[in-house]
1. Of the candidates Met37, Met130, Met318, which one comes out as most mobile in a Gaussian network treatment of the chain with C-alpha springs shorter than 10 Å?
2. If you wrap the chain's Cα atoms in a convex hull and average its projection over all directions, what's the area in nm²?
3. Looking at region 139-195, which chymotrypsin sites (Phe, Trp or Tyr not before Pro) are DSSP coil and have at most 12 other C-beta atoms within 10 Å of their C-beta?
4. With a point put 7 Å past each Cα toward its Cβ, work out how far Ala198 is from His217 in nm, to one decimal.
5. Could I have the simple spin-label model distance between Asn36 and Glu303, label points 7 Å from Cα toward Cβ, reported in nm to one decimal?
6. Given q = 0.15, 0.21 Å⁻¹, what are the Debye log10 I(q)/I(0) values for region 171-212, with equal point scatterers placed on the Cα positions and solvent ignored?
7. Test of understanding: express the Cα radius of gyration of region 233-336 as a ratio to 2.2 N^0.38 Å, with N the residue count.
8. If R₀ is 41 angstrom, what is the calculated FRET efficiency for the pair Arg96 and Asp336, using the beta carbon separation as r and rounding to 0.05?
Amino acid sequence: MAAKKGKKGKIVALILIFLVVVVLASAFVFVKGKLNMIQYDDGKKDYDVSIEAGDEDEIDLDLSGLDEVDPQGIPSGEVYKDENVLNVLILGTDERTKDFSDNARSDSMILLSINKKEHTVKLVSLERGMGVPILEGPYKGQYDWLTHCFRYGGADLVMEEVRECFKVDVDHFVRVNFTSVKYIVDLIGGIDVNITAAEAEHLNLTPGRNFTAGVNHFNGEVALAYARLRSIDSDWQRVKRQQSVIQACADKVKNSNISTLNNLLNQILPMIQTNFTQGEIAKLMFIAPDFLGVEFERMTIPEQGTYGGMTGMGGRKMFAPDFAENARILREFLYD
């Protein structure tokens, strides 16, 4: 009798082991299928010096009230690292289709900082009109807008600029383009954004819209228009709007069910380019639920009062940050 019970126990154990293996194999196939949808790229490109005529007017910076200063050299010291903090450069490029182009510019650059120990997320918008020293290629040593660095040397050069100018550890990027943002917002059913009367008035210039000050529901087209809006104030307010759109998207996704999330992944992942490996992304997927519903802390670099004005390549007007001071501010924000 005891022998029969022992035999049955072994059979049950074998069945349980088999079921566990089947579940794990199914999970692996599911995750692997999702990861295969992403576009993987090392972020490197041949250096491009073909900035087209007229590009000097693409950012109309207001330098009034700023002292003209000499270009600031990159600060000394080591790049700061913390094993609990993962910094990812989010690049929004300016294609008008869902396809990525080698000739695009990084119209939006945001440092996404994930603290895996504290379960916090921080967003740092990098002002695209900052003058930075080109660190590689034919223009090495000259100063140009940070946004042009993507065109010159791809995501790899932009990460190097951020890493060396601000002494922040960043080796990974995620790239989307603005057209993708429109599709993503529509896929999640739109977003709710709190806007001012001036913002509502500007958005209402497009026929058929009737927005008011306060919380409004945006579809993808309006969310994109809002994220790119700067004509009523400045590029500084524009980056804050972009942060608001990101937060609104995160707030919307946190309440989605499994079926909706699965559909979102199927639609969104093919519109992403990154230098993360599949293994690195798989690890992040396991901790992602810990960050659902997190309210992002936000800031913009350079900090107000820490920059002057300067003229760089092509006679372009640009902000001249005090890199050492902004590196200190950024380190304190991200790691303390």
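1. Taking springs between Cα atoms under 10 Å, the residue moving most is Met37.
2. Its average projected convex-hull area is 21.7 nm².
3. Working: sites: Tyr139, Tyr143, Trp145, Phe150, Tyr152, Phe166, Phe173, Phe178, Tyr183; in loops: Tyr139.
Those that pass, being in a loop and sparsely packed, number zero.
4. Using points 7 Å along Cα→Cβ, the separation is 2.9 nm.
5. Placing both labels 7 Å beyond Cα along the Cβ direction yields 4.9 nm.
6. Here log10 of I(q) over I(0) equals -0.56, -0.86.
7. Values: Rg = 18.5 Å, N = 104, 2.2 N^0.38 = 12.8 Å.
Its radius of gyration relative to the 2.2 N^0.38 Å reference: 1.44.
8. Values: r = 41 Å, r/R0 = 0.99.
About 0.50, to the nearest 0.05.
Each reported figure results from applying straightforward, stated rules to the coordinates on display, with no laboratory input. All of these numbers come straight from a predicted model, not from anything done at the bench. All Cβ positions, glycine included, derive from the backbone under ideal geometry; neighbour counts span all protein chains shown.
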